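Participant: After the structure tokens below, expect a handful of questions from me.
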Amino acid sequence: MVKQLKVFIESVGHRVVDSIWRLGYATRFILLVLLKSVPGFLRFRLITREIYFAGVLSLIIILVSGLFVGMVLGLQGYETLQKFGSESAVGTLVALSLVRELGPVIAALLFASRAGSAMTAEIGLMKATEQLAAMGMMAIDPIARIIAPRFWGGVFSMPLLAAMFSVTGIFGGYLVTVVFIGVDEGSFWSQMQSAVDFRYDIVNGVIKSGFFGVVVTAIAVFEGFDAPPTAEGVSRATTRTVVTSALAILGLDFVLTAFMFRGVS
Amino acid sequence: MADSPLIEFRNVNFSYGTRPVLKGVDMSMSRGQVIAIMGGSGSGKTTLLRLIGGEVSPSAGSVSVAGQTVHELSRDELFRLRRKMGMLFQFGALFTDLSVFDNVAFQMREHTDLPESMIRDLVLMKLHAVGLRGAHHLMPAQLSGGMARRVALARSIALDPMLVMFDEPFAGLDPISLSVVGGLIRRLTDTLGMTSILVTHDVQESLQIVDYVYFLADGVITAHGTPDEVRESKVPFVHQFVHGETDGPVPFHYQAQTYSQDLGIGVMKSV
Ligand SMILES: Nc1ncnc2c1ncn2[C@@H]1O[C@H](COP(=O)(O)OP(=O)(O)OP(=O)(O)O)[C@@H](O)[C@H]1O
Ligand SMILES: [Mg+2]
């Protein structure tokens, strides 16, 4: 009994130490990526390419999801608000929910599963097939040439995707409430305009998605680079990217929200 | 300088984890030669190449290339040295997101300021040498194994390096491409003053083109000599290898328990 307990405590200890070690390792890796980012910026074409792969190719899923989320928000918001006779505030509700929370968070979750997983798989496979080693043997640093551009491509794409998610979401809300249900168009837009604050709502939303972009892409490139060079290793790393990103996004969202919207009406 | 060896292994030891792979390897390779390294599967040939390229460091002893001790170099110095090396990876390691043309052009674009028109000519020349000029627009996934290997070979000599390491360049080639590639390696070495290291199992083909042969077994160099010496050799190991005999000092099996133990026969007997 005592022995079992000892084994249990030991295994917990091992796991904790391992996780902390891995976190430190990942942090050092990302710092290295930052240090080696200069060549990518000097040849911005490399980053543009990755913005295309991470950003442009994620557009469809982001826009379609945004539209649906906005439509649902419009319906649900109208349902509730009309009980209080304030259905014209539905524009405010849709816009604030999207810009502050749902835009950054859902866009980041979608981004992690669409672009992050692809990034991990690609880098992991390049490692498994010795493409990274081959590049190193050609005296070209794979971190500077392969990892850093992907990292920045993701970091730049995320806020833009989140913004587009929110915009299509608002359009979806408009479509459902104004066009289909018949809420007054003038009050829909004017209430939204007066209620949404540029600094507190929009800028904070963009800051959030900026953080999410850094975290998701950092996880994705690290998992890819760290993946064991086998088919199983790469598939596990891909899964870990999605799961870790999702947890990180939701946890970080709470922390950021707590800091941002304290006591602001 | 000219007659000092290009590559020297001095008492090199290396292990992956606790498993020793090389145990006191001594070799010296002269400039302008084609040198073959032969040995059974898993004997550590690829590891030798990785030591020369500085991908891994010896646990004891040293590897020097052109007078520089590889594992003591700083990163920048190592990269400067690697620019003068080419490596054909055992499994090709072509960049799968780039076309055949772009694979061969990769180092030219990264390391030189050559105009695109000149890069085009150079790439087509390299591809022509391996017989694949017509395949320049294909993606690696569209190549056969042997074609991919030849593209990788063209890529490894893209910048006319002073030293090229070929890890099994003949694997998966038909007899015709095999002798073309063999001849190509010989010719490049002679005309460009390059040094080539050839890891291979193909004894007959390589004995025709190499200047010197090292035999690696069990982590040590068991024999070495010129092709003529090797053919005449009475050393059992070399004899077995050159004539491809199954019986002899080279074990075909990875170290293991006895066969009967693994099959459980030994246990049954003792019951
Ligand atoms: N990354 C690694 N981690 C652990 N062990 C390894 C690793 N790479 C190779 N080994 C081991 O080192 C030994 C030598 O490997 P190496 O790749 O150098 O053999 P080789 O002579 O090139 O064989 P082959 O002719 O089959 O390519 C093998 O026994 C192998 O099991
Ligand atoms: Mg090998």
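Participant: Identify all residues within segment B:1-36 that are open to solvent by less than 10 Å² (accessible area, probe 1.4 Å) and within 10 Å of ligand 1 (Cβ to nearest atom); write none if there are none.
Facilitator: Scanning segment B:1-36 gives a single hit, B:L22.
Participant: Let me ask you something else. Could you grab me the full set of residues in segment A:61-78 that are crowded, with 23+ Cβ neighbours inside 10 Å, under 17 Å from A:L160 (Cα atoms) and not β-branched (V, I, T)?
Facilitator: The one that is crowded, with 23+ Cβ neighbours inside 10 Å, under 17 Å from A:L160 (Cα atoms) and not β-branched (V, I, T): A:G66.
Participant: Here is a further query. Restricting to segment B:166-189, count the residues that are touching a residue at least 60 places away in the same chain (Cβ under 8 Å) and farther than 16 Å from B:F91 by Cα.
Facilitator: If we filter segment B:166-189 for residues that are touching a residue at least 60 places away in the same chain (Cβ under 8 Å), which is where we start, we get B:166-169, B:171, B:185-186, B:189.
Subset that is farther than 16 Å from B:F91 by Cα: B:185-186, B:189.
Qualifying residue count, segment B:166-189: 3.
Participant: Moving on to the next point. Would you pick out the residues in segment B:18-41 that are modelled with pLDDT under 85 and within 23 Å of A:A133 (Cα to Cα)?
Facilitator: Scanning segment B:18-41 gives a single hit, B:S41.
Participant: Hey, can you tell me all the residues within segment B:127-162 that are away from ligand 1 (no atom under 16 Å from the Cβ) and out of contact with any helix residue (DSSP H, G or I) (no Cβ under 8 Å at 6 or more places or on another chain)? So that I can check it myself, show each step before the final result.
Facilitator: Kept after step one, since they are away from ligand 1 (no atom under 16 Å from the Cβ), are these residues of segment B:127-162: B:127-144, B:146-148, B:150-151, B:153-162.
B:H128, B:G134, B:A141, B:Q142, B:S144, B:S156, B:P161, B:M162 - these are the residues of segment B:127-162 that are away from ligand 1 (no atom under 16 Å from the Cβ) and out of contact with any helix residue (DSSP H, G or I) (no Cβ under 8 Å at 6 or more places or on another chain).
Participant: Which condition breaks for A:V90 when tested against (1) more than 14 Å from chain B (Cβ to nearest Cβ); (2) in contact with a helix residue (DSSP H, G or I) (Cβ under 6 Å, 6 or more places away or on another chain); (3) more than 23 Å from A:K208 (Cα to Cα); (4) surrounded by fewer than 20 Cβ atoms within 10 Å (Cβ to Cβ)?
Facilitator: The failed condition is (4).
Participant: Sticking with this one: More than 16 Å from ligand 2 (Cβ to nearest atom), under 13 Å from B:I35 (Cα atoms) and modelled with pLDDT under 90: which single residue out of B:G193, B:G182 fits that description?
Facilitator: Numbers: B:G193 fails: under 13 Å from B:I35 (Cα atoms).
Being more than 16 Å from ligand 2 (Cβ to nearest atom), under 13 Å from B:I35 (Cα atoms) and modelled with pLDDT under 90 holds for just one of B:G193, B:G182, which is B:G182.
Participant: How about segment A:104-153: which of its residues are more than 14 Å from every other protein chain (Cβ to nearest Cβ), among the hydrophobic types (A, V, I, L, M, F, W, C) and open to solvent by 10 Å² or more (accessible area, probe 1.4 Å)?
Facilitator: A:V105, A:I106, A:L109, A:L110, A:W152
Participant: (1) at pLDDT 90 or above; (2) within 16 Å of ligand 2 (Cβ to nearest atom): which one isn't true of B:D102, the others all being true?
Facilitator: Every listed condition holds for B:D102 apart from (2).
Participant: Now a separate question. Looking at B:T191, B:T200, which one is among the β-branched types (V, I, T) and either open to solvent by 40 Å² or more (accessible area, probe 1.4 Å) or in contact with a His (Cβ under 7 Å, 6 or more places away or on another chain) (or both)? I'd like the intermediate steps shown before the answer.
Facilitator: On the way: B:T200 fails: either open to solvent by 40 Å² or more (accessible area, probe 1.4 Å) or in contact with a His (Cβ under 7 Å, 6 or more places away or on another chain) (or both).
After applying the criteria, what remains is B:T191.
Participant: Considering only residues of segment B:211-229 that are open to solvent by less than 10 Å² (accessible area, probe 1.4 Å) and more than 16 Å from ligand 2 (Cβ to nearest atom), which is nearest to B:G53 (Cα to Cα)?
Facilitator: My answer is B:V213.
Participant: Would you point out the residue of segment B:154-176, among those that are surrounded by 22 or more Cβ atoms within 10 Å (Cβ to Cβ), more than 16 Å from ligand 2 (Cβ to nearest atom) and assigned to a helix (DSSP H, G or I), that is nearest to the other protein chains (Cβ to nearest Cβ)?
Facilitator: B:R155
Participant: Among residues belonging to segment B:34-61 that are touching a helix residue (DSSP H, G or I) at 6+ places or on another chain (Cβ under 7 Å) and away from ligand 2 (no atom under 16 Å from the Cβ), point out the one that is farthest from B:M85 (Cα to Cα).
Facilitator: Checking each candidate, the answer is B:P58.
Participant: Kindly list the number of the only condition in (1) part of a helix (DSSP H, G or I); (2) within 16 Å of ligand 2 (Cβ to nearest atom); (3) within 13 Å of another protein chain (Cβ to nearest Cβ) that fails for B:V151.
Facilitator: (2)
Participant: From the list B:T112, B:T200, exactly one residue is of a type in the set (S, T, Y), within 18 Å of the chain's Cα centre (by Cα) and within 26 Å of B:G53 (Cβ to Cβ). Which is it?
Facilitator: Working: B:T112 fails: within 18 Å of the chain's Cα centre (by Cα).
Step by step, each of B:T112, B:T200 is checked, and only B:T200 is of a type in the set (S, T, Y), within 18 Å of the chain's Cα centre (by Cα) and within 26 Å of B:G53 (Cβ to Cβ).
Participant: Here's a follow-up. It is to be established whether one or more residues within segment A:80-92 are under 21 Å from the mean Cα position of the chain (by Cα) and in contact (Cβ under 8 Å) with a residue 12 or more places away in the chain.
Facilitator: Taking segment A:80-92 and keeping what is under 21 Å from the mean Cα position of the chain (by Cα), we get none.
Within segment A:80-92 (the criterion being under 21 Å from the mean Cα position of the chain (by Cα) and in contact (Cβ under 8 Å) with a residue 12 or more places away in the chain), the answer is no, since none of the residues qualifies.
The values are calculated or read from the model by the stated rules, or taken from the named source; none is laboratory data. Just so you know, these numbers come straight off a predicted model, no measurement behind them. Using ideal geometry, Cβ is built from the backbone for each residue, glycine included, and neighbour counts are taken over all protein chains shown. Heads up: the accessible areas ignore ligands, DNA and RNA and are worked out on the full protein's heavy atoms, side chains in. Shrake-Rupley method; radii C 1.70, N 1.55, O 1.52, S 1.80 Å.
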